[in-house]
2 protein chains.
Amino acid sequence: MEFKVIDGGVCAAKGFKASGMYCGIKENSTKKNDIALVVSDVMCNTAGVYTQNKVKGAPVIVTKSNLEKTGGKAKAVIANSKNANTCNADGEEKAMEMCRLTANALGIETEQVVVASTGIIGQILPVEPIKNAVPELVKKLSYTGNEEAAVAIMTTDTVKKEYAVEFEIDGKICRMGGMAKGSGMIHPNMATTLNFITTDCGVSSDMLQKALSGIVKVTYNCLSIDGDQSTNDTCMLMSNGLAGNAEITAEGEAFDTFKAALYQVMANLTRMLAKDGEGATKLLTCICSSAPDLDTAIIVAKSVIRSPLFKCAMFGADANWGRVLCAIGYAEADFDISKVDVDFASAAGKIAVCRNGAGVDFSEDEAKKILTEDEIEILISLNDGTAQATAWGCDLTYDYVKINGDYRS
Amino acid sequence: MEFKVIDGGVCAAKGFKASGMYCGIKENSTKKNDIALVVSDVMCNTAGVYTQNKVKGAPVIVTKSNLEKTGGKAKAVIANSKNANTCNADGEEKAMEMCRLTANALGIETEQVVVASTGIIGQILPVEPIKNAVPELVKKLSYTGNEEAAVAIMTTDTVKKEYAVEFEIDGKICRMGGMAKGSGMIHPNMATTLNFITTDCGVSSDMLQKALSGIVKVTYNCLSIDGDQSTNDTCMLMSNGLAGNAEITAEGEAFDTFKAALYQVMANLTRMLAKDGEGATKLLTCICSSAPDLDTAIIVAKSVIRSPLFKCAMFGADANWGRVLCAIGYAEADFDISKVDVDFASAAGKIAVCRNGAGVDFSEDEAKKILTEDEIEILISLNDGTAQATAWGCDLTYDYVKINGDYRS
């Protein structure tokens, strides 16, 4: 299923307002928006997945606790960039304060607020600028405020990430849209960075969680920029039911359609995150097919997309397929390496470089032409089953080193 | 125990000759030595550890098979750089041919030859230059040929790596020395790259293997340059018994002394490999102490030393300890993150940056001074036991990208 792509990001679904602004969380920074608010007109069923890092940002702990208290209900999201509020002794207190400020200004309960932060780890979060900003954020809320919000959660991202689709369930038009931020410290395990997805399609909290966990596994969790798993990974999915469909409470055709829409939104946001990885000049998509099972396909595709040597070769447009095979070889999964085929492909064509685990003759000139494009596919066939998975990543460049070698980026 | 450091590398022990020369394995390359031979005057007990990558270089397969046939006996090592002889349909045949040529020239059995290759993966190995070189290599063999051999196994290494010690067992002077090559595709699991260690101390094959496997775990396996595990990792330990001690056949004081000597040789070679990592400007040593057990200490130290974001911060001399804590947090081990302390140290001093999992005030100027040195220690205390481990690595720099983005490096 492929659904119609629409505008509106996190405001594409009925009844979601958003706003964003600059409040000055980090001194001497550019005046880029640094705080975002998303609010639903009515209560939302809400599902989340979070970082599995032992070091958890304080907002992750507070959001989980809030959603436990409300049984998976939320009405608003407050999120800031420029400071991760992580590894600070007073972090949880500050994260709760952000919820309290937001709840008071909106006239809702503190526990109905989702809070998220992204930026530098280990610096005390200044609450004063946020306190001053919240009333104005509430005043600015609008059904077209999605861009202001999407910009506010950006850190080293060079472009904002938004995607939305329209689909039909029960004869009702439903909409779903999201925003995401990258673009370093990305090797997710359960979720990635900050991601907020809203929908007016009515889905129970349980089924929302089931859909989100399932789709995260084959989208965000198949993304690697640099192998570093963030401390603040959060992915929230909120459903306010305003599309008017009968609430989805079980498996079935409606749930399948909903999941397909969610896959389309999340896979496209994942792709945007990969393409805008820190310092990236090329989007790399690794598709592992003919695998004995889905997990094997995921493990192999992720192993290749993470390899620093392979990423450097792609930066240099060098058809060094030995590095692909090397990374396939150390993937922790069970398959026969002597059956593996590898091809490189792009808008400029497709070329076979390895058959049955050994090199084949190919034209270096043709390979160079293919790899000089800015979107490259690495096609791996294990020739041992029917499962398939995709992993997304980017090349490793001078600029990745520059961005992350600079003082406290 | 700290033993006297001596010269001689792989020829430091009694009865080991070596040679190295240029034979032209890769066209249009500099005339650096590309083939090495090491020969013992008498038969050696021999132990090995090898890559765990599913893609195994043909020489790894042939060497393992040879040592199985002889029950862990070998007399010679033939090793080349510039071509890994991996992922080639005729790879094993070529590796066996290298053993045959060497054995014929030395008048020994084919199975008594250890073979190893390092270099580009997936290009057919030309045997002709090797065939022409072997007689000359044999003619050049000398008790002072260690340097010629050490240079011949270098790939992108900028310096040769040799280390040797002298120790006493049974009132007999024993010697042990080794040579190693780096310097990319290094994230070992069981062994790293090519490493050859020779000793005249008499040790049974079983105890030799036991010592080697134990020390590899806390030296080569605690080294990460880039997280890419090579296909050709091989570490051989050969003992010819010419020191005249009673052969070590069981645990005890003599075995402990032997292991301490082996640790000193391998830890120092590991350190050299880290310092000469591709593009490295800084040696990073991460010591995890007060851990509940050795495995936890190893896992935590390796997780930090592998983190690309942390490695970039060190390149920039940025005391971004949040990235250290982030990498500790995603280490797959069981400990209490809220007890963790972190310090940075170097010749310029020592500074506390994190206590009990949270940041502490420190002077950025002082931190900068410490991190501007070219050998940095990252000291992590888990405050939860008495185990300790060290991991070695280097910073991530523009030059790593340059070296590996260039055509087929």
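One table, with the values for the structure above:
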| item | result |
| --- | --- |
| Subset of segment B:298-341 [more than 10 Å from every other protein chain (Cβ to nearest Cβ) and outside any helix (DSSP H, G or I)] | B:Asp341 |
| Checklist (1) under 16 Å from B:Asp256 (Cα atoms); (2) out of contact with any helix residue (DSSP H, G or I) (no Cβ under 9 Å at 6 or more places or on another chain); (3) at pLDDT 95 or above applied to B:Ala152, failing item | (1) |
| Given (1) more than 28 Å from B:Asn245 (Cα to Cα); (2) at pLDDT 95 or above, index of the condition B:Thr158 fails | (2) |
| Any chance A:Cys312 is closer than 30 Å to A:Leu208 by Cβ, open to solvent by less than 30 Å² (accessible area, probe 1.4 Å) and not hydroxyl-bearing (Ser, Thr, Tyr) | no |
| Of all residues in segment B:281-297 being surrounded by fewer than 21 Cβ atoms within 10 Å (Cβ to Cβ) and in a helix (DSSP H, G or I), the one that is farthest from the other protein chains (Cβ to nearest Cβ) | B:Leu294 |
| Odd one out for A:Asp157, checked against (1) part of a loop (DSSP other than H, G, I, E, B); (2) more than 14 Å from chain B (Cβ to nearest Cβ); (3) farther than 20 Å from A:Gly8 by Cβ; (4) not hydrophobic (A, V, I, L, M, F, W, C) | (3) |
| Enumerated strands (runs of 3 or more DSSP E) restricted to segment A:1-88, each holding at least 2 residues that are of a type outside the set (A, V, I, L, M, F, W, C), open to solvent by less than 40 Å² (accessible area, probe 1.4 Å) and more than 14 Å from chain B (Cβ to nearest Cβ) | A:16-21, A:35-50 |
| Number of positions in segment B:194-214 that are under 20 Å from B:Thr390 (Cα atoms) and either at pLDDT 95 or above or open to solvent by less than 10 Å² (accessible area, probe 1.4 Å) (or both) | 3 |
| Residue list for segment A:377-401, filter: within 14 Å of chain B (Cβ to nearest Cβ), farther than 21 Å from A:Asn221 by Cβ and over 20 Å from the mean Cα position of the chain (by Cα) | A:Asp384, A:Thr397, A:Tyr398, A:Asp399, A:Val401 |
| All positions within segment A:108-142 that are open to solvent by 70 Å² or more (accessible area, probe 1.4 Å) and farther than 24 Å from A:Tyr50 by Cβ | A:Glu128, A:Lys131, A:Asn132, A:Pro135, A:Glu136, A:Lys139, A:Lys140 |
| Selected residue [away from chain B (no Cβ under 14 Å) and assigned to a loop (DSSP other than H, G, I, E, B)] from A:Ala246, A:Ala211 | A:Ala246 |
| Pairs where the first residue, in segment B:168-179, is under 13 Å from B:Ala13 (Cα atoms) and the second is open to solvent by 70 Å² or more (accessible area, probe 1.4 Å), C-beta under 8 Å, 6+ apart | B:Cys174/B:Glu168; B:Arg175/B:Lys14; B:Met179/B:Lys160 |
| Boolean, A:Gly145 is open to solvent by less than 10 Å² (accessible area, probe 1.4 Å), of a type outside the set (A, V, I, L, M) and either over 23 Å from A:Thr199 (Cα atoms) or more than 14 Å from chain B (Cβ to nearest Cβ) (or both) | yes |
| Failed item, numbered, when B:Trp321 is tested on (1) modelled with pLDDT under 95; (2) open to solvent by 20 Å² or more (accessible area, probe 1.4 Å); (3) in contact with a Phe, Trp or Tyr (Cβ under 9 Å, 6 or more places away or on another chain) | (2) |
| Candidate set from segment B:371-403 (those that are open to solvent by 50 Å² or more (accessible area, probe 1.4 Å) and of a type in the set (D, E, K, R)); member that is farthest from B:Gly329 (Cα to Cα) | B:Lys402 |
| Filtered residues of segment A:74-88 (kept if within 15 Å of A:Cys235 (Cα to Cα) and over 17 Å from the mean Cα position of the chain (by Cα)) | A:Ala74, A:Ala76, A:Ile78 |
| Meets criteria (at pLDDT below 95 and buried (at least 24 other Cβ atoms within 10 Å of the Cβ)) for A:Ala358 | no |
| Residues satisfying the stated conditions in segment A:72-117, i.e. at pLDDT 95 or above, hydroxyl-bearing (Ser, Thr, Tyr) and under 26 Å from A:Thr30 (Cβ atoms) | A:Thr102 |
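Here's the yes/no breakdown for (1) within 14 Å of chain A (Cβ to nearest Cβ); (2) open to solvent by 10 Å² or more (accessible area, probe 1.4 Å); (3) within 12 Å of the chain's Cα centre (by Cα):
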residue: B:Asp233; (1), (2), (3): yes, no, yes
residue: B:Asn240; (1), (2), (3): no, yes, no
residue: B:Glu251; (1), (2), (3): no, yes, no
residue: B:Met266; (1), (2), (3): no, no, yes
residue: B:Gly277; (1), (2), (3): yes, no, yes
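The values are calculated or read from the model by the stated rules, or taken from the named source; none is laboratory data. Computed from a prediction, not measured in an experiment: that's the story for all the values here. When we count neighbours, we look across all protein chains shown, and the Cβ atoms used for this are built from the backbone with ideal geometry, even at glycine. Just the protein is used for accessible areas: all its heavy atoms, side chains included, with ligands, DNA and RNA removed. Shrake-Rupley method; radii C 1.70, N 1.55, O 1.52, S 1.80 Å.
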